[in-house]
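The values are calculated or read from the model by the stated rules, or taken from the named source; none is laboratory data. Given the structure is predicted, the values throughout are model-derived calculations rather than measurements. No Cβ is skipped: glycine too gets one built from the backbone with ideal geometry, and neighbour counts run over all protein chains shown.
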Amino acid sequence: MGILEKIAEVEREIARTQKNKATEYHLGLLKAKLAKYRTQLLEPVGKTAAKGEGFDVMKSGDARVALIGFPSVGKESLSLSGKGRRGRGKMGFSKYVEVDAVLNILYT
């Protein structure tokens, strides 16, 4: 049975199932199956990424880091723990902090 036949079978099951509180769960499962079959229909079968493709993260060297979060949680204190320079960004409400320092992370 191919994917198109499976899609047609699930659509028939959805059409003949009465919609009420008792059958909501069953209809949800059928809709999930239908979505899965449709994605399988669109995606090529058996294609995976070749080894070596992707990205690599350097374990040493220079990096640029952005700290994003709620106000008053210590982002600026963390970034100024080394030597830092404060300033205002292009927008009046955004602050930036330039830090030329070495951050040693200990993995435990």
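Tell me, please, whether a residue that is at pLDDT 90 or above and either under 30 Å from Ser77 (Cβ atoms) or of a type outside the set (Ser, Thr, Tyr) (or both) can be found in the range 38-48. Yes, that holds for at least one residue.
Conditions tested, residue by residue: (1) in contact with a strand residue (DSSP E or B) (Cβ under 6 Å, 6 or more places away or on another chain); (2) polar (S, T, N, Q); (3) at pLDDT below 90.
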| position | (1), (2), (3) |
| --- | --- |
| Ile14 | no, no, no |
| Ala22 | no, no, no |
| Ala35 | no, no, no |
| Phe70 | no, no, yes |
| Lys75 | no, no, yes |
| Gly87 | yes, no, yes |
| Val102 | no, no, yes |
| Tyr107 | no, no, yes |
